[in-house]
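Input: a single structure, listed below in structure tokens.
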Amino acid sequence: KHSVNRPPTPDGAEDQGNEPTLQEIINIKLIESGEKERLMELLRERLIECGWKDEMKALCRSYVKKKGRNNVTVDDLVHLITPKGRVYAASVPDSVKAELLQRIRSFLMSAAL
């Protein structure tokens with residue numbers, strides 16, 4: 001019977017669907033420890049060092065110059081840059097990718113995940 005005053009008792013099968021995935025658990029641990037922010041800062045630094053950020057800035061400036069300053073929105077730039085940023089990600093040096101991967105692996109080992 002379902003009562004108006006209380007919700008129905010959940011089935012055991014429904015509870016299993018609420019279990020966090022390994023990816024979600026890792027993300028939570030990264031955030032709680034502050035490691036995610038440290039990794040993001042490291043990535044920002046490395047993207048500046050390898051010129052990736054300057055490439056993206058140049059693309060934005062070129063687009064704004066072409067369209068006119070008053071005819072461009074932030075959404076326009078996001079739509080322009082997102083796919084190009086992914087293509088340019090291939091130009092990020094392997095050493096940067098390896099450094100980040102090693103930091104993530106070390107974190108996972110220390111967190112015993």
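The values are calculated or read from the model by the stated rules, or taken from the named source; none is laboratory data. Note that the coordinates shown come from a computational prediction; the quantities given were computed from them, not determined experimentally. All Cβ positions, even for glycine, are placed from backbone atoms using ideal geometry, and neighbour counts span all protein chains on display. In case anyone asks, the SASA skips ligands and DNA or RNA and just uses the protein heavy atoms, side chains included. Shrake-Rupley method; radii C 1.70, N 1.55, O 1.52, S 1.80 Å.
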Please go through (1) more than 25 Å from E49 (Cα to Cα); (2) of a type outside the set (V, I, T); (3) within 17 Å of the chain's Cα centre (by Cα) for P83 and return the number of the only condition it doesn't satisfy.
(1)
Quick one: count up the residues across the stretch 31-80 that are aromatic (F, W, Y) and either in contact (Cβ under 8 Å) with a residue 40 or more places away in the chain or surrounded by fewer than 12 Cβ atoms within 10 Å (Cβ to Cβ) (or both).
1
Pair list, Cβ < 9 Å and 6+ apart or interchain, from the stretch 81-106 residues that are closer than 18 Å to I26 by Cα and open to solvent by less than 70 Å² (accessible area, probe 1.4 Å) to residues that are assigned to a helix (DSSP H, G or I) and not charged (D, E, K, R)
L100/L39; L100/L42; L100/L43; I104/I26; I104/L30; I104/L39
Restricting to helices (runs of 4 or more DSSP H) lying wholly in the stretch 1-70: which have 3 or more residues that are at pLDDT below 90 and either aromatic (F, W, Y) or under 19 Å from S91 (Cα atoms) (or both)?
52-67
